[in-house]
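The values are calculated or read from the model by the stated rules, or taken from the named source; none is laboratory data. Predicted model, so just to flag it, every value in this text is computed and none were measured. Heads up, the Cβs are rebuilt from the backbone with ideal geometry, glycines too, and the neighbour counts pull from every protein chain shown. Just the protein is used for accessible areas: all its heavy atoms, side chains included, with ligands, DNA and RNA removed. Shrake-Rupley method; radii C 1.70, N 1.55, O 1.52, S 1.80 Å.
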Amino acid sequence: MTYRITLIPGDGIGPEISEATRRVIEATGVDIIWEKIDAGTGVIEKCGTPLPDEVLNSIRKNKIAIKGPITTPVGKGFRSVNVAMRQKLDLFACVRPCKYYQGVRTRYQDINLVVIRENTEDLYAGIEFKEGASETRKLIESIEALNDVEIRQDSGISIKPISIDASRRIVDFAFQYARKYSRKKVTAVHKANIMKFTDGLFLEVAREVAKKYTDIEFEDRIVDNMCMQLVQKPEIYDVLVLPNLYGDIISDLCAGLVGGLGVAPGGNIGTDIALFEPTHGSAPKYKGMNKVNPIAMMLSGVMMLRHIGEKECAENLENAIAYIIKEGKNVTYDMKPDREDPTAVGTSRVADAIIDKLKKG
Ligand code: NAD
């Protein structure tokens with residue numbers, strides 16, 4: 001089968017790691033026609049926006065995309081292209097597998113969990129009221145009248161909407177994911193004891209959805225306890241499902257448990273569209289130096305191959321990456337015991353070594 005997939009190299013280190021990733025994916029033998037299309041700082045001058053319509057149209061048409069990181073220009077009035085893409089394409093689930101690979105320098109070894117974060121609401125909905133603004137004063141007055149509470153007049157306010165629909169959709173996604181990838185347990189994370197009408201609602205919906213999936217264990221954890229348990233006994237967790245803010249924080253915590261940004265892949269998934277990308281950003285200071293680690297984006301490629309049903313290619317690529325990490329020879333500076341290690345190789349050499357391994361089997 002031939003796939004048509006949108007490839008967005010991104011900016012900063014994006015083009016280098018995207019090229020390395022494209023090469024290793026092709027070396028698995030999967031038949032892909034890449035629709036390469038630019039977004040990010042490099043196209044602003046030409047298109048007047050870092051996110052031209054043709055990028056979204058290509059993804060909508062092909063349904064599957066993989067992207068390098070994109071810089072969010074500071075103070076120039078641009079919103080994050082990454083957030084805009086998730087919103088415009090309704091990619092409601094952010095999936096971050098956190099898995100230990102032998103050879104990665106980390107305190108933990110026995111970890112293989114997946115963080116599934118709701119991507120569309122919660123405190124990230126962008127409903128904010130600036131301290132001192134007239135709307136904010138009006139809002140404070142209304143809340144005080146409705147709720148018999150007192151709010152300091154010099155407050156800024158951010159609103160946290162959590163809905164039944166979005167909660168049901170993400171928890172259902174987590175169970176479907178668990179089924180598809182033969183996982184055993186889903187843990188819903190919340191602070192329902194304090195935020196009864198938002199996190200409480202999320203938990204109530206999660207419990208309801210869980211009843212449909214009798215083949216998968218369900219439990220819940222309060223987010224603060226979850227943080228402690230992830231540090232003490234991460235090996236007992238499997239699939240975590242969380243509202244947006246906790247999902248953001250916990251996915252970084254889990255990336256840290258398994259060795260950090262260099263090995264943290266991700267996918268943003270909607271009803272029929274999926275966009276894969278590494279967790280890390282565009283690291284502009286390393287742009288064009290052929291220096292940074294392409295493995296997080298390559299592992300995002302592994303996720304993409306699994307998602308489209310190319311199980312064997314995904315497995316082969318993941319095994320070849322795992323071999324290179326374990327061997328520790330053809331890895332970038334950040335994976336060496338000492339960051340100044342002169343034997344560290346460049347981005348493209350990592351890809352060459354993985355392709356060699358794929359060829360040899
Ligand atoms: P960053 O992830 O780019 O960098 C953080 C640190 O990690 C830096 O020291 C960097 O050098 C290092 N690093 C990152 N990726 C690496 C890799 N592959 N190999 C080796 N080292 C790596 O985060 P930042 O500096 O906060 O953000 C830079 C830009 O990226 C910002 O404009 C931010 O908005 C953007 N960003 C984009 C995405 C995305 O496209 N999804 C995600 C996060 C940040």
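I want the local charge near D224. Using Cβ-Cβ distances under 15 Å, sum +1 for each Lys or Arg and -1 for each Asp or Glu among the other residues.
Value of the local net charge: 0.
Kindly provide the helix-only [θ] at 222 nm of the chain, computed as the sum of -39,500 (n - 2.57) over DSSP H runs of four or more divided by all residues, to the nearest 500 deg cm²/dmol? Kindly include the intermediate steps, with their values, before the conclusion.
Details: 12 runs with 150 residues, N = 361.
Using -39500 (n - 2.57) per qualifying helix, the result is -13000 deg cm²/dmol.
Compute the signed sum of charges (Lys and Arg +1, Asp and Glu -1) over the other residues within less than 14 Å, Cβ to Cβ, of P284.
Once positives and negatives cancel, what remains is +1.
Charges only on Cβ, +1 for Lys and Arg, -1 for Asp and Glu: so what's the dipole of the chain about the Cα centre, in debye to the nearest 20?
Working: 50 positive and 50 negative charges, 178 e Å.
Dipole size: approximately 860 debye.
Have a look at N244, Q109, Q87 and report the one farthest towards the positive end of the charge dipole of the chain, computed about the Cα centre with Cβ charges (Lys/Arg +1, Asp/Glu -1).
Q109
For the chain, take the longest principal axis of its alpha carbons; what is the angle in degrees between that and the long axis of helix 295-307, to the nearest 10 within 0 to 90?
Tilt of helix 295-307: around 80 degrees.
Rounded, prolate or oblate: which fits region 301-361, taking a ≥ b ≥ c as square roots of the Cα gyration tensor eigenvalues, rounded meaning a/c under 1.5, else prolate when a/b beats b/c?
prolate
Show me 344-350, 43-49, 310-316 ranked by packing, highest mean number of other Cβ atoms within 10 Å first.
Per-residue mean Cβ counts within 10 Å order the peptides as 344-350, 310-316, 43-49.
For region 1-131, what does the alpha-carbon gyration tensor say about shape, rounded, prolate or oblate, given a ≥ b ≥ c as the root eigenvalues, a/c under 1.5 as rounded, and a/b over b/c as prolate?
oblate
Any idea what angle helix 53-62 forms with the longest principal axis of the chain, computed on alpha-carbon atoms, 0 to 90 degrees, nearest 10?
Roughly 70 degrees between the two axes.
Computed over the Cα atoms of the chain, what is the convex hull's projected area averaged over all directions, in nm²?
Across all orientations, the chain yields a mean hull projection of 20.0 nm².
How many angstrom lie between the C-alpha centres of region 204-253 and region 107-145?
If we compute the Cα centre of each part, the gap is 19 Å.
In nm, what is the difference between 0.36 nm times the number of residues separating I222 and D165 and their Cα-Cα distance?
Once the chain is fully extended between I222 and D165, it gains 18.4 nm.
Unpartnered cysteines of the chain (Cβ-Cβ under 4.7 Å counts as a partner)?
So, C47, C94, C227, C313.
Solvent-accessible area per residue for region 29-182 at a 1.4 Å probe radius, Å²?
Using a 1.4 Å probe on heavy atoms only, each residue of region 29-182 averages 55 Å².
Would you mind counting up the charge near V205? Only other residues with Cβ under 10 Å from its Cβ, with Lys and Arg at +1 and Asp and Glu at -1.
Net charge in that neighbourhood comes out at -1.
Could you look at the chain and say what percent of its accessible area is carbon and sulfur, using a 1.4 Å probe and all protein chains? Write down the numbers at each step before the final one.
Values: 8570 of 17180 Å².
Looking at the chain in its full context, I get 50 percent from C and S.
Of the trypsin sites (Lys or Arg not before Pro) in region 206-259, which ones lie in a loop per DSSP and count no more than 14 other C-beta atoms within 10 Å?
Values: sites: R207, K211, K212, R221; in loops: K211, K212.
Passing both the DSSP loop test and the Cβ count: K211, K212.
Sequence gap at least 6, Cα distance under 8 Å: using those rules, report the relative contact order of the chain to the nearest whole percent.
Relative contact order here is 23 percent.
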